[in-house]
Amino acid sequence: MEHVKAAIRTIPDYPKPGIMFRDVTTLLGDARAFRQAVDAMIAPHAGAKIDKVAGIEARGFILGGAIAHQLSIGFVPIRKKGKLPFATIGQSYELEYGTDEVEMHTDAVSAGERVLLVDDLIATGGTAEAAIKLLRRAGASVEGASFVVDLPELGGADRIRAMDVPVATLVAFEGH
Ligand code: AMP
């Protein structure tokens, strides 16, 4: 995964001082790194009989869309509150300051469907945890979660594993 890691750009102090922003747009723009990342996000879940990919806004749409296409299965967008046009269910989650909410269409998954959750990066795991709760409330079974980047110091991947969801991450960075 050295090529994948090298293709990710780091922007210090974005969007605020102290944050090292791991920018995957450079990875997405690199054909070899993009393909390698997509393949490696699928591989750990081989044999899991996945019915749908759920991607978290916004970079999870790009990676999740590519993964859904590769697996020839459907894609479900999990969006920030207020963006989806049809009837939705929502799940709020804690931020450092305040709360946020993710939403999904009520008919996006059917009961018993097996879903793979996808995003570019897992930090505290708050967003992914809310997405898993949402999918489970809709009756889906979350078979796994895949992320390009893990920030292990923030504990997100372990938090998701504690929900009985197998987690795959491709590269790790120190710090926040
Ligand atoms: P969390 O809910 O704390 O796991 O945050 C994960 C979400 O925030 C993902 O959608 C990431 O894209 C974004 N995010 C959090 N920290 C960073 C970071 N250091 N660089 C880039 N994106 C980040």
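What follows is calculated from the coordinates using simple rules that are stated; it is not laboratory data. Since the model is a prediction, treat every value here as computed from it, not as a measurement. A quick note on method: Cβ atoms are made from the backbone with ideal geometry, for glycine too, and the neighbour counts reach across all protein chains shown.
For Phe75, Phe86, Phe147, Phe21, what ranking results if the residue with the fewest other Cβ atoms within 10 Å of its Cβ goes first?
Phe86, Phe21, Phe75, Phe147
Have a look at Phe75, Ile42, Ala87 and report the one farthest towards the positive end of the charge dipole of the range 14-90, computed about the Cα centre with Cβ charges (Lys/Arg +1, Asp/Glu -1).
Of Phe75, Ile42, Ala87, it is Ala87.
Quick query: amide H of Ile19 versus all other amide H atoms, modeled in the peptide plane; which residues come in under 5 Å with a sequence gap of 5 or more or a different chain?
Residues meeting the criterion, in which the H sits 1.01 Å from N, are Asp13, Tyr14.
Counting other beta carbons within 10 Å of each Cβ, put His69, His105 in order, fewest first.
Lowest count first: His69, His105.
Would the range 1-99 count as rounded, prolate or oblate if I go by the C-alpha gyration tensor, calling it rounded below 1.5 in a/c and otherwise prolate when a/b exceeds b/c, oblate otherwise?
Since a/c reaches 1.5 but b/c is at least a/b, the shape of the range 1-99 is classed as oblate.
Could you calculate the contour length gain from His3 to Ile73, that is, 0.36 nm times the residue separation minus the distance between their Cα atoms, to one decimal place in nm? Write out the running numbers ahead of the final one.
Numbers: separation 70, 0.36 × 70 = 25.20 nm, distance 2.76 nm.
The span from His3 to Ile73 would gain 22.4 nm if fully extended.
What shape does the chain have by the C-alpha gyration tensor, where a ≥ b ≥ c are the square roots of the eigenvalues, rounded means a/c under 1.5, and otherwise prolate means a/b greater than b/c and oblate the rest?
Oblate is the answer for the chain, as a/c is 1.5 or above yet b/c matches or exceeds a/b.
Tell me the label-point distance for the pair Arg137, Thr10, using the 7 Å Cα-to-Cβ offset, in nm and rounded to one decimal.
3.7 nm
What does DSSP give for the chain in terms of the percent of beta bridges that are antiparallel, rounded to the nearest 5?
Expressed as a percentage, antiparallel bridges in the chain total about 35.
Tell me, what ³J(HN,Hα) does each residue in the range 129-140 have, in order and in whole Hz, if you take phi through Karplus 6.51 cos²θ - 1.76 cosθ + 1.60 with θ = phi - 60° and put x for Gly and Pro?
4, 4, 5, 5, 4, 4, 4, 5, 4, 7, x, 7
Given a cut-off of under 8 Å on Cα pairs at least six residues apart, what relative contact order in percent is computed for the chain?
It rounds to 19 percent for the chain.
If we count other beta carbons within 10 Å of each Cβ, what is the order of Ile11, Ile56, Ile89, fewest first?
Ile11, Ile89, Ile56
Which whole-Hz ³J(HN,Hα) couplings does the range 147-161 yield from phi under the Karplus relation 6.51 cos²θ - 1.76 cosθ + 1.60, θ = phi - 60°, glycine and proline marked x?
With coefficients 6.51, -1.76 and 1.60, one gets 9, 6, 10, 10, 10, x, 4, 8, x, x, 4, 5, 4, 6, 4 Hz.
What size of dipole, in debye to the nearest 20, comes out for the range 24-176 about its Cα centre when the only charges are +1 on Lys and Arg C-beta atoms and -1 on Asp and Glu C-beta atoms?
Dipole about the Cα centre, nearest 20: 460 debye.
Using modelled amide H (1.01 Å from N, peptide plane; none on Pro or chain starts), what sits under 5 Å from the amide H of Glu113, excluding residues fewer than 5 places away?
Here the answer is Ser141, since their amide H atoms fall under 5 Å of that of Glu113.
Taking amide H atoms as placed 1.01 Å from N in the peptide plane, list the residues 5 or more away in sequence, or in a different chain, whose amide H sits under 5 Å from that of Ala168.
So Ala168 has HN proximity to Ala145, Ser146, Phe147.
Which of the aspartates and glutamates could a cross-linker bridge to Lys5, judged by Cα under 14 Å and excluding same-chain residues fewer than eight apart?
Asp23, Asp30, Asp120, Asp150, Glu174
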